[in-house]
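Chemist: I have a structure I would like to understand better, so I am pasting it below and will then ask my questions one at a time.
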Amino acid sequence: MMPKSLQTSSRLPEMDPAIWSRIPEELLEHVLSFLPLKTFLNLRSTSKHFKSLLFSPSFMSKHTASGSPFSSFLLLSHPQFFQQFPLYDSIVGSWRNLALSLPLLLPGTGSNLSPSCTLLSSSNGLICFSLPSSCSLLVCNFVAKSSRIVEFPSHPFTFESFVFVSMSFGYKIFVLCSKFSSNSVFVYDSKVHSWQKFDRFEPILGDNYRQEGVFFNGSLYFTTSEPFSVVCFDLESGRWGRLDNELPGDVTFVRLVSDGEKKLYLIGGVGRNGISRSMKLWELDGERNWIEVESLPEMMCKKFLSVCYHNYERVYCFLHEGMICICCYTWPEILYYKLSRRTWHWLPKCPSLPEKWSCGFRWFSFVPELYALV
């Protein structure tokens, strides 16, 4: 038996609630910032204040400075969630009860919003919306609660391809427009807050220009329609080029994903006569050859190809924190490949989605970044 004196001394002293309640909020935030993210998320249900810290710029700044990685999300945009964007926490591995709300997080933007407001793209903590009624774009940082209106280069303005790229020193917006006598590219640079126009380029994208380009080593890379190839656009010089290498044989559709600097991947269906029988993943090596990385397991492949009805125009892909996400506009689940584990998975359907849902599912990678400038 342990003596009572030792039992008493071994117990942790209880903190007086009266003292705890008087701790300044900034000191409490500083203490909480040292907790691992999963531990902090478990505390959200104990306090409304703890829950509100999730999108607090000061708390995120402290949490990042402490060396603990903040969370990252897959964001869902769907016509049945007007200006509400459900979040899947890819670190915790579950859907959040809290959805992003544009009017709530950016109250000053309310007068700019309309039913035609559309989420176009997300990159490194910034999200870009189209505002057709005002012929402009809205670039937002939800964490910093900042935003900027970017007016289109002309009025009215329509475009066929749109790419939004956020970098450490700002962001660029690429739009391909066929309104003029020849196809034109416009590039917006946030450092100078202006558009630059590039005229009279060869229409090498063909009929596949609606597929979003990916940023890799300073250029945007696109896949063309059949015969499939990969072309690139240099964001600084405005020059187009083509990769002089052969794509894998018997591909029925191809998509690109990239981490921005080191890796460029190709996802495609393999089959005959336009019908895919399998899906594979390739990586571009140092000698500019496509090296096969993995094949999608047969049962998962059958499910994905059945939900897109072999209409591959509905398929789009992106990279999110080590996950290659393969999506279909008509299906509420994501098929993804975990690069670190070399495994395939399905992301579960959003629980707040109505039972009778329609098509129009748009998924985005959203990694909060306090210091991303709009």
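The values are calculated or read from the model by the stated rules, or taken from the named source; none is laboratory data. Keep in mind that what you see is a predicted model, and the values were worked out from it rather than measured. Please note: Cβ atoms are built from the backbone with ideal geometry, for glycine as well, and neighbour counts cover all protein chains shown. Ligands, DNA and RNA are excluded from the accessible area calculation, which covers all protein heavy atoms including side chains. Shrake-Rupley method; radii C 1.70, N 1.55, O 1.52, S 1.80 Å.
Chemist: If residue 285 meets every condition in (1) touching a residue at least 12 places away in the same chain (Cβ under 8 Å); (2) open to solvent by less than 60 Å² (accessible area, probe 1.4 Å) apart from one, which number is that one?
Modeler: (1)
Chemist: As an exercise: evaluate residue 6 against (1) of a type outside the set (Gly, Ala, Ser); (2) more than 30 Å from residue 345 (Cα to Cα); (3) at pLDDT 75 or above and give the number of the one condition it does not meet.
Modeler: So residue 6 meets the others, but not (3).
Chemist: Same structure again: Count, please, the residues in the stretch 241-263 that happen to be assigned to a strand (DSSP E or B), over 19 Å from the mean Cα position of the chain (by Cα) and within 24 Å of residue 314 (Cα to Cα).
Modeler: Restricting attention to the stretch 241-263, the residues satisfying the condition of being assigned to a strand (DSSP E or B) are 241-242, 251-258.
Then keep just the ones that are over 19 Å from the mean Cα position of the chain (by Cα); that gives 241-242, 251-254.
After this cut, where a residue has to be within 24 Å of residue 314 (Cα to Cα) as well, the list is 251-254.
Within the stretch 241-263, residues that are assigned to a strand (DSSP E or B), over 19 Å from the mean Cα position of the chain (by Cα) and within 24 Å of residue 314 (Cα to Cα) number 4.
Chemist: Has the stretch 168-175 got any residue that is in a loop (DSSP other than H, G, I, E, B) and buried (at least 20 other Cβ atoms within 10 Å of the Cβ)? Lay out the reasoning, then the answer.
Modeler: Initial filter on the stretch 168-175 (in a loop (DSSP other than H, G, I, E, B)): 168-169.
After this cut, where a residue has to be buried (at least 20 other Cβ atoms within 10 Å of the Cβ) as well, the list is none.
Looking for residues that are in a loop (DSSP other than H, G, I, E, B) and buried (at least 20 other Cβ atoms within 10 Å of the Cβ), one finds none in the stretch 168-175, hence no.
Chemist: Continuing with this model, one more query. Name the residues in the stretch 115-157 that are open to solvent by 10 Å² or more (accessible area, probe 1.4 Å), outside any strand (DSSP E or B) and within 18 Å of residue 369 (Cα to Cα), would you?
Modeler: Correct list: 124, 144, 145.
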